[in-house]
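Here's the structure, in structure tokens; my notes come after.
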Amino acid sequence: MSSVVFDFTHGGVFMPMIIINQNYCKKCGICIAFCPKQVFIPGQKDYPQVQYVEKCTACKLCVFRCPDFALEVRE
Ligand code: SF4
Ligand code: SF4
């Protein structure tokens, strides 16, 4: 399984963990377009990439909107 895990800590403050399973992701860009905080940018090979995890509110809209169950957000 090929998963990319984005887990960052900023200034000692814990941030959500965002996991993108590239085996499931079809690069539709829905998560990039609909994240209300613009956390994602298009990354390598057009897979979504977490660029601004510090903005993530763990609302999980990206998880619910992903048609391929490729996203997981852990608080
Ligand atoms: S919504 Fe899901 S399938 Fe589409 S780019 Fe994002 S992670 Fe990949
Ligand atoms: S959980 Fe919400 S804020 Fe965080 S990346 Fe997903 S849509 Fe964006």
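Among the chymotrypsin sites (Phe, Trp or Tyr not before Pro) in region 28-75, those located in a DSSP loop and surrounded by at most 11 other Cβ atoms within 10 Å of their own Cβ are PHE69.
Shape summary: the chain maps onto an equivalent ellipsoid whose semi-axes, from the alpha-carbon gyration tensor, are 19, 13, 11 Å in decreasing order. A cut-off of 5 Å between modelled amide H atoms, ignoring neighbours fewer than 5 places along the same chain, links SER3 with GLN22. Working from Cα pairs under 8 Å separated by at least six residues, relative contact order for the chain is 34 percent.
The numbers here are math on the coordinates, done by the rules we state, and not lab data. What you are looking at is a predicted structure, and each value in this text was computed from that prediction instead of being measured. Please note: Cβ atoms are built from the backbone with ideal geometry, for glycine as well, and neighbour counts cover all protein chains shown.
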